[in-house]
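**Q** Attaching a single structure in C-alpha cells format; questions to follow.
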Amino acid sequence: MNILSGVRVLDLTNVLSGPFATLHLALLGAEVIKIENPADGDLARKLGSVPKYNQMLMGTSFLAQNANKKSITLNLKSPAGKEIFRKLAATADVVVENFRPDVMKRLGLGYDDLKVINPRLVYCAISGFGQTGPDALKPAYDQIIQGLSGEMAINGDERLHPLRAGFPVCDTVGGLNAAFAMMAAVYHRERTGEGQFIDVALLDSIMPLMGWVVANLMIGKQPPVLMGNDNFTAAPSGVFRTKDGFINIAANKQEQWESVADVLDLPLLKSDPRFHERDTRKKNRKILTPLLEEKLMGRETAFWVEELNAHDVPAGAILTLDAAVSQEQIRHRKTFNTVAVEGIGELPLFNLTAKFSRTPGEVTSPPPTLGQHTGVLLRELGYGDEEIATLRSDRII
C-alpha cells in the first residue's frame, strides 16, 4: 500500500505548478482526478517539442507531469457540470486549482461553497501572487515571477544580465510547496477531522529558495554580486577550463582548497597571502582562477574529476542534458520509469525521487488521454449510460 492510498484529489490545475504538485501526490498513491474542459483540456496537452503529440493532446509537457492520474472532462460553467463537480467534491479529500483568485468563487465552487458539502475537505489554491494583496488579481506566468522575485536579477554576470533560469523554476518550486502543504493539511485533518484552505503563491514560494542571497542582503546588508558561474561563498568554487572542456570545482572548506593546490602541484599557493584564507581568496578569485586553469588545461576533465574526488574535493563534469539524464547514477536511482503510452510508445517518465523503504512511489500508469475516465467516474456517482450520453450531446462532458 502507498502512503496516500485511499486519498482522492480533484485536480483542476493546468500547465505546470499545479500538475507538478499533484504528480507527487499521484506517485505517492493518491487517486488524482484531473478535471479538464471538454474542448481541449489542460493547456499543457498542446505544449511540447513534438507537433504530432500536441495535435494528439498529449504534448511532451503534459506527459512529463501527469502520470498515474485520471481524467474527466467537465464544463464547470454549466449547471449540470457544477452539479457533477459538487458530487465529486463530496467524495474528495483534496481539491487543488491554479486559477486566478476570483474564478472559483464566481463559479460558486470556491472553498466556502465546497466546505458546506464536505467539511473535511482540504482546498489548495495556487496562484502567482496569492489570494489577497494589491497584485492578487494580476496574471502571472513563471517568467513574470522570475522577474518580480529578483531571481533574474541575480543570475548571469556583468556582461549578461538579467538572466532567466533555463527551466520554469518558480512554477516548479510553487508546485513542490503546494504538494508539501497539501500533505501537511491532510495529516492535520487525519488527526483533528478539520479541513482547511491553503493559499500558495509562486512569488512567496521562490523567496526561500534564494535564502542565502536574501539573508546576505536583508541581514548582512550586502547586495548580490553578479558572478556568473562562480560561487560567492568560497574560492576556488565555480567553473574552470580543462584540456577538453570545463569542470566544476567546489572547494568550500580550507582543507579542500589545500587539496586542490596539492593535486594541481601548486603547493606554494597555500602559503601565498592572497590565497591563504577564505575571505582573502574570495577577494582575489580573478587572480587565482588563471593560475589554476593553467594547470587544469593540461589534462582532460575526467582525469581531474577522478583526482580531485579521490582527495575529497567535490568536482564534476558539466554534462549536456542528454548525458545527464542517461548517466549511470540516474539509472541506478531509477529516477525514470518506462511506461507504454498508447499511440506514442514506450516513454521514460519521472518516478518519485524520494526513496521510501516501505512505501515506494513510482509511475504505474501513463498520463491519461483527455476525458479517459469520464464514463467510469460518472457511473461511480450513479449516472446511467443514457444520462452520460445526454451530457455528452449537451457538451457538459
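The values are calculated or read from the model by the stated rules, or taken from the named source; none is laboratory data. Bear in mind the structure is a predicted one, so any value in this text is a computation, not a measurement. Note that each Cβ is placed from the backbone with ideal geometry, even for glycine, and that neighbours are counted across all protein chains shown.
**Q** Within the stretch 57-73, is there a residue that is surrounded by fewer than 22 Cβ atoms within 10 Å (Cβ to Cβ), in contact (Cβ under 8 Å) with a residue 60 or more places away in the chain and within 14 Å of the chain's Cα centre (by Cα)?
**A** yes
**Q** Please enumerate the residues belonging to the stretch 110-132 that are small (G, A, S) and touching a Leu at 6+ places or on another chain (Cβ under 9 Å).
**A** S127, G128, G130
**Q** Anything in the stretch 349-383 that is of a type in the set (S, T, Y) and within 26 Å of the chain's Cα centre (by Cα)? List them, or say none.
**A** Matches in the stretch 349-383: T353, S357, T359, T364, S365, T369.
**Q** Quick one: count up the residues across the stretch 249-298 that are among the small types (G, A, S), more than 13 Å from H311 (Cβ to Cβ) and free of Cβ contacts under 8 Å to residues at least 40 places away in the same chain.
**A** 1
**Q** So in the stretch 286-299, with the set limited to residues that are among the basic types (K, R) and not in a loop (DSSP other than H, G, I, E, B), which one is nearest to E158 (Cα to Cα)?
**A** K286
**Q** Turning to a different aspect of this structure: Loosely packed, with under 14 Cβ neighbours inside 10 Å and of a type outside the set (S, T, Y): does that describe R164?
**A** Considered against the rule, which asks whether it is loosely packed, with under 14 Cβ neighbours inside 10 Å and of a type outside the set (S, T, Y), R164 comes out as no.
**Q** The conditions are (1) in contact (Cβ under 8 Å) with a residue 60 or more places away in the chain; (2) part of a loop (DSSP other than H, G, I, E, B), and A125 fails exactly one of them. Which is it?
**A** (2)
**Q** When the residues of the stretch 300-349 are filtered to those that are in a loop (DSSP other than H, G, I, E, B) and touching a helix residue (DSSP H, G or I) at 6+ places or on another chain (Cβ under 7 Å), which remaining residue is surrounded by the fewest Cβ atoms within 10 Å (Cβ to Cβ)?
**A** D312
**Q** Of the residues V173, V213, which is under 21 Å from the mean Cα position of the chain (by Cα) and either closer than 27 Å to L288 by Cα or assigned by TED's automatic domain parsing to the domain that holds N284 (or both)?
**A** Every option except V213 fails the conditions.
**Q** Continuing with this model, one more query. Which residue, of G175, G220, G211, G195, is in contact with a Lys or Arg (Cβ under 8 Å, 6 or more places away or on another chain) and either surrounded by 17 or more Cβ atoms within 10 Å (Cβ to Cβ) or without any contact (Cβ under 8 Å) to a residue 60 or more places away in the chain (or both)?
**A** Criteria check complete, one pass: G195.
**Q** Residues in the stretch 213-250 that are out of contact with any strand residue (DSSP E or B) (no Cβ under 6 Å at 6 or more places or on another chain), farther than 15 Å from N155 by Cβ and in a loop (DSSP other than H, G, I, E, B): how many?
**A** Adding up the residues that qualify gives 11.
**Q** Looking at L148, L109, L121, can you tell me which residue is surrounded by 17 or more Cβ atoms within 10 Å (Cβ to Cβ) and in contact with a Phe, Trp or Tyr (Cβ under 7 Å, 6 or more places away or on another chain)?
**A** Only one candidate passes the filter, namely L109.
A quick yes/no check of all residues on (1) at pLDDT 95 or above; (2) of a type outside the set (V, I, T); (3) in contact with a Leu (Cβ under 7 Å, 6 or more places away or on another chain); (4) closer than 15 Å to D230 by Cβ:
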| position | (1), (2), (3), (4) |
| --- | --- |
| N284 | yes, yes, no, yes |
| I287 | yes, no, no, yes |
| R299 | yes, yes, no, no |
| A302 | yes, yes, no, no |
| E306 | yes, yes, no, no |
| N309 | yes, yes, no, no |
| G316 | yes, yes, no, no |
